[in-house]
Structures are given as structure tokens and as C-alpha cells.
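What follows is a single structure, written as C-alpha cells, with notes after it.
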Amino acid sequence: DYVVVKMIPDNRLPPRHLHSVHTGKTFAVIKWESPYDSPDQDMLYAVAVKDLVRKTDRIYKVKTRNSTVEYTIKKLEPGGKYHVIVQLGNMSKESSVKINTVPLSAPDALKIITENDHILLFWKSLALKESNFNESRGYEIHMFDSLMNITAYLGNTTENFFKVSNLKIGHNYSFTVQARCLYSGQMCGEPATLLYDELGTGEDSSAARTGRSTDVAAIVVPVLFLLLVTLGIGFAVLYMRHRRLQNSFTAFANSHYSSRLGSAIFSSGDDLGDEDDEAPMITGFSDDVPMVIA
């Protein structure tokens, strides 16, 4: 025996399984399910977005009959913090989720140039890769002294460089550059970090590694060049000797060429020896034979 029971829909129940699907710099995709399965009519949801940094609220309305609802919240700020509340339009029980958007990227190509009594930090403009960044926002610079275990805020700038003075010899420093934090440091960009050590020699670790690799390259490159030049000269000399021997042999062969036989004729060493044996031996002259000189 069995019985079929049809539950009466309760519009006072909250949406189920509310969660964030994907979060970007300026948007977030949320997803939830209806309070009960297979709604037989359109359901009106109220999506409230509370900005926990700016202390502002926004409400969106979503009308759908689907059991599973996916909604994209736009016009968010990079590095922001939000509290999202979803409930039916009749102000039933609510479901909520907290969302943190992706912060701005770290500046690229952070480098240090050492001067006599100070250093200069250089980096690429963040606006080159972040369309949501305005140069008027600027950057802020922090410094960490590992010897003193102290982090200091050096200041901010709207330029792509920053001057740092009054550094102590023998101390190791780490510098960070990031998009300037907004609203009491609650919305910041990702920091770019660079270690600066060996201050007594006026080098940072990256510069020292670059200098050492440059020194090795300065030695290896000339040696390789000399080897290539030597090999080139050797090949040229061998080629010239080969050409000279080839020309000499060709001239020698042409001088012994017989047009009648159609080939070159060469004498062997034995033939030359026989001719020397058959030649009459020259003997001394007699005193009574007169010598006539023409």
C-alpha cells in the first residue's frame, strides 16, 4: 500500500544552498536553489548587496521559476568586501554569504637603482594591465627592516618611482609597492616585493646576481668570439692550401697531357734511374788533348 502526499509550498522558507560560484575584480557570480522543489509559478527574489567597506547597500530583484538560480552581481570594486543576502520578495527568511573581490595586481618590474646616498625604486605603471586602476589613485611604499624586525610606511606617490634615503649600512631591507589602499587600508592592491641586501657594497641581491652573470658573460663571450675567429682563419688557410695544391696538380697534369693519346703521361722513378745508368760516364781530360772553346 502507498499514499501520495503533496506538500503545501511554504513561501516563508529561505533560499537553499546560497554560495559564490566565481569572483573577479568587479563582479561576483552567486548561485542558490528555490525554497522548495519545482516551483509552479514565478518567484521574486530580493538580492541585497552590503558594502562592508563603504557602508552602503544595494538591492536587486530577480524573477524566475527555475529551481536553481544563478545571478551575477556587477559594479563591485577590486579588493572589496561584501555581504550578500537573498530572500523571497515577501521578506521571508534569508540566506547570506560573504564575498571578497579579487584585489588589483602587483606592479611589474620593480627594480632598485643605487645612488651615492639614497636608492630609487622603479616599477611599471599598473594602468598598463589594470583597466580598473587610475594613476590618480597612486601607489604606497612600505619597508621592512629584517635586522630590527620593523615595518615602516614610507609614503605614497602617483609617479612610477620613489626615493628612499637614510638607510643604515649592514641592514637588509624588503620594499613593497602596491596600489594605494583606500578607506583606512581596507581596499589595497597586491604588493610587489623586492629584497635589498649587501648595503655596504651598494648592491641588492638581484643586482648582485645580475652583476655576477654579467661578469661571466663578459669573459665567456670574448673567448667564444676568439675561438670562432681562430676556427675561421684555420678553415680559410686549409681552403687556400687545398686550392693551391689543386691548381698545381692541374697545371702539372696539363703539361704532361698528350692530345694524341687523350691522357696524361708520367714517368716512373725506375725509368729515370735507367736513363742515368745508360748515360756515358764523364772521365778526366788528357793533358795532350787541346780544349777548344767556341
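The values are calculated or read from the model by the stated rules, or taken from the named source; none is laboratory data. Everything numeric in this text was worked out from a predicted model, so none of it was measured. Neighbour counts are summed over all protein chains in view; Cβ atoms, including those assigned to glycine, are modelled from backbone coordinates with ideal geometry. SASA here: full protein model, heavy atoms, side chains in, ligands and nucleic acids out. Shrake-Rupley method; radii C 1.70, N 1.55, O 1.52, S 1.80 Å.
The figures follow:
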{"quantity": "Accessible surface of the range 16-100 [probe 1.4 Å, protein heavy atoms]: carbon and sulfur percent", "calculated": "46"}
{"quantity": "Table column - 3J(HN,Hα) (Hz), the range 104-111, Karplus curve with 6.51, -1.76, 1.60, x for Gly and Pro", "calculated": "5, 5, 7, x, 8, 6, 6, 9"}
{"quantity": "Protein-only accessible surface order, largest first, of 111, 55 at 1.4 Å", "calculated": "55, 111"}
{"quantity": "Cα Rg over Rh - the range 108-197, Kirkwood", "calculated": "0.97"}
{"quantity": "Restricting the range 45-117 to GluC sites (Glu not before Pro) in coil, as DSSP defines it, with at most 14 other Cβ within 10 Å", "calculated": "94, 115"}
{"quantity": "Area accessible to solvent at residue 31, 1.4 Å probe radius, in Å²", "calculated": "70"}
{"quantity": "In Hz, Karplus ³J(HN,Hα) per residue of the range 57-72 (6.51, -1.76, 1.60; θ = phi - 60°; x = Gly, Pro)", "calculated": "10, 9, 10, 10, 10, 10, 10, 7, 9, 5, 6, 10, 10, 10, 9, 9"}
{"quantity": "Most to least accessible of 131, 174 (protein chains only, probe 1.4 Å)", "calculated": "131, 174"}
{"quantity": "Largest-first ordering by accessible area, 1.4 Å probe, given options 50, 168", "calculated": "168, 50"}
{"quantity": "For residue 244, solvent-accessible area (1.4 Å; no DNA, RNA or ligand), Å²", "calculated": "140"}
{"quantity": "Amide H within-cut-off set for residue 60, under 5 Å, with H built and near neighbours excluded", "calculated": "47, 48, 49"}
{"quantity": "Residue 122 - accessible surface, heavy atoms, 1.4 Å probe, Å² rounded to 10", "calculated": "80"}
{"quantity": "Proximal lysines to residue 129, defined as alpha-carbon separation beneath 28 angstrom and excluding residues fewer than eight positions away on the same chain", "calculated": "25, 74, 75, 81, 98, 111, 163"}
